[in-house]
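Please treat every number below as a calculation from the coordinates, not as lab data. Remember, it's a predicted structure, so these values are computed and weren't measured experimentally. No Cβ is skipped: glycine too gets one built from the backbone with ideal geometry, and neighbour counts run over all protein chains shown.
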Amino acid sequence: MFGTAPAGVGTFLVSSNWTSGSNEVVSVIRVDDPLGTSGGPTFTNSFINLGNIHSGSVPEAPQQGTSNTLDFGDIRTINAVWRNNALWAAFAVNPPSGSDVGEATAHWVKINTSNLGLLTLDDQGNLGGEDIATGCYTAYPSVAVNGSGEAAIGFAASASSIFPGAYYAARRSSDPAGSFQHSAILRQGVDYYFRSFNGSSNRWGDYSSISVDPSDDRTFWVFNEYALTRGTVAGSGDGRWGTAFGSFTLSGQPTPNAWINEFHYDNGNPDQNEFVEVVVPSSFTDLANLTLSLYDGATGKVYATHKLSTFTAGNSVAGFTIYYKDIPGIQDGPDGLALDYLGSTIQFLSYEGTFTAQDGPAFTTTSTDVGVSESGTTPSNFSLQLQGSGTSAGSFSWAGPIQNTKGAENTDQSLPVELAFFTASSVQNRIVLKWRTESEVQNLGFEIWRAEQEDGDYQMLSSYQSNPALEGQFNSSQATDYQFEDRQVLPGRVYWYRLVDVDVNGQKTEHGPISAFVAAQAPRLTTLSGNQPASLHLYPNFPNPFNPTTTLRLDVPGASRGLVNVKLVVLNATGQVVRTLLDGSLPAGQYEVTWDGRDNAGRQVASGVYIALIRADYKTQYRKMVLVR
């Protein structure tokens, strides 16, 4: 367990290989007060339904070079980890359907523990290993989660075309549900393995684990078994195994808002001036891990790869840089192009038809046809290119062939506004919107739209046409800050906002929505008594645990000057102030104040442990509070 555990919880015990009769379930036993300091320990069992993810027993795995198979049939949960109100576990299954049917397959689950009375399944998925080898079997997975919410799994893999080896995969918290990124090699096997132990043949995979480096809470350390070169025969086999270990991190930069912007592939025999152009945010620097893969449509396999670090930087416009590279030998269609970052596919495009990738970063994905094409009569200085206005691939549409604009904005293409941030906060019965543009291209200005529900009916509050403060900079490469105050709000309500920028052609681009809560009232201080307590005292809050409000009682002692400076704040588990309940001078007496479970911006805070901290005349006391939503 990492961080502050839920109140009273000592640990969780997780086991797999349970069934409801038709579906598989995971058993989670919560152990409260394991040391017995408050009458424990107590055990609470929950079963989480995973659906029909497993059928029969887990089969043994094939391996290259021999008909002897590996024991991949251990379906126990090797390890589990709790962090950030989520419980992660991994184990092997035999999927009853899908691409991994009938194969040993590493499976992972993420269980939401925010409500201890009702644990729920948050996410789950398979690591089938098909991106390692066709017909790959995976097993003996172990899981870890770092401080950034990134998860990683180490596992064993084997197939009829590869020797048994050690592999790993990872995912960011922003990755699509049910998915991990491309599998990576820890150590490939170098031979097949066969040993017999007391009648149990080819036991494998127990020596598997993964952990987070405590020095940075970011780096993963993983170790697992792999097959060594066979040695001297002992007993009934000559197999040898080794233990591989290593560390890795996911890039500190999130997957960029990048896209394939223009390319030329066909103009005759021989083809000339073939190139590909990619647009990347100017702030993105990890070009060596951004890869363009060229796909052969006939086989569905990659025939060439090019790192963006080998491209030439062209124009920089509206916070984006346009990169291009001359690539002789781009195949005529139907073929394709994929753009990925650290194995996570950003785009998979094709021309003159569609196909399904059989390897590479887009493995098992069906391409998207750009809808336009070139031929042997296309001029060599023409291309296919995106047109329109926006700041992401989906804002544009493909056109051509027309005159190429390699390294520059395409014909009839504009990248209007690069927004650095857009925020809303509640300040003294009004909501303040703030945003910053890093650059603007042909931007006339902004419109502010508001609704009382995220998907509600938005109404325009203000526009650049009537409010000079919303007028844009038209063309600017400098950062510009904007602010708008909405004073037409009512206490106790949530308001949603959209920001719309408008260019000279009338093209509108939406940002948001974002929301802010208008606090119903400031924390109310109630005087209970005018007595003069002997010392500062903060009583336990009541109720505790609580939802939605709790009350704190405090004794303020007398002072020679008559008034005492008192500050009462609520801290989260990392020591950050989330709410100031009291900050001022008080006469001696007994008081109470109520906290409504909201932060200083009026937003509801999450379930968890919070600290009430009081300071008065250089003395400090605190109380632990538990909020359960």
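Here are a few things to note about the model shown:
- The Rg/Rh ratio of the chain, with Rg taken over Cα atoms and Rh as the Kirkwood radius over Cα pairs, comes to 1.04.
- When the Cα atoms of region 94-162 are aligned to their principal axes, the ranges along those axes come out at 46, 28, 16 Å in descending order.
- Extension gain from residue 97 to residue 217, taking 0.36 nm per residue of separation minus the Cα-Cα distance: 39.5 nm
- Packing rank of 155-165, 354-364, where each peptide gets the mean count of other beta carbons within 10 Å, highest leading: 155-165, 354-364
- Ranking of 290, 116 by neighbouring Cβ atoms within 10 Å, starting from the fewest: 116, 290.
- Coupling constants for region 50-64 follow from the phi torsions by the Karplus curve (6.51 cos²θ - 1.76 cosθ + 1.60, θ = phi - 60°), and in residue order they are 9, x, 8, 10, 8, 9, x, 9, 7, x, 6, 9, x, 8, 5 Hz; glycine and proline get x.
- P(r) for region 67-205, from all Cα pairs and a bin width of 5 Å, is 2, 10, 19, 22, 19, 12, 8, 4, 2, 1 %, short bins first.
- Gained length - residue 23 relative to residue 207, 0.36 nm times residue gap less alpha-carbon distance: 63.3 nm
- Cα gyration tensor, region 264-372 - rounded (a/c under 1.5), prolate or oblate: oblate
- Inter-site label distance for residue 623 and residue 504 at 7 Å from Cα along Cβ, in nm: 6.4 nm
- Between the amide H of residue 389 and those of 414, distances stay under 5 Å, these residues lying 5 or more places away or on another chain, with hydrogens modeled in the peptide plane.
- The mean sequence separation of alpha-carbon pairs under 8 Å and at least six residues apart, normalised by the residue count of the chain, gives a relative contact order of 7 percent.
- Extension gain, residue 249 back to residue 423 (0.36 nm per residue minus Cα-Cα distance, nm): 59.6 nm
- With 22 Å as the limit, the listed pairs 110/624; 434/567; 434/508 have 110/624; 434/567 beyond it between alpha carbons.
- Column: log10 I(q)/I(0), Debye, Cα scatterers of region 529-629, q = 0.15 Å⁻¹: -0.57
- ³J(HN,Hα) computed for each position of region 580-585 - Karplus, 6.51 cos²θ - 1.76 cosθ + 1.60, integer Hz, glycine/proline x: 9, 8, 7, 7, x, 9
- FRET efficiency, residue 190 to residue 381 (Cβ-Cβ, R0 51 Å, nearest 0.05): 0.50
- Between residue 289 and residue 452, the modelled label-to-label distance comes to 4.6 nm, taking each label 7 Å out from Cα in the direction of the beta carbon.
- Dipole magnitude (debye, nearest 20) for the chain, charges at Cβ of Lys, Arg, Asp, Glu: 3080 debye
- Residues residue 542 and residue 112, FRET efficiency given R0 of 30 Å [Cβ-Cβ distance, rounded to 0.05]: 0.60
- Label-reachable residues, region 438-460, where backbone N falls under 17 Å from a point 7 Å from residue 604's Cα toward its Cβ: 452-455
- Computed over the alpha-carbon pairs of region 9-248, the distance histogram in 10 Å steps reads 8, 31, 33, 20, 7, 1 percent, short to long.
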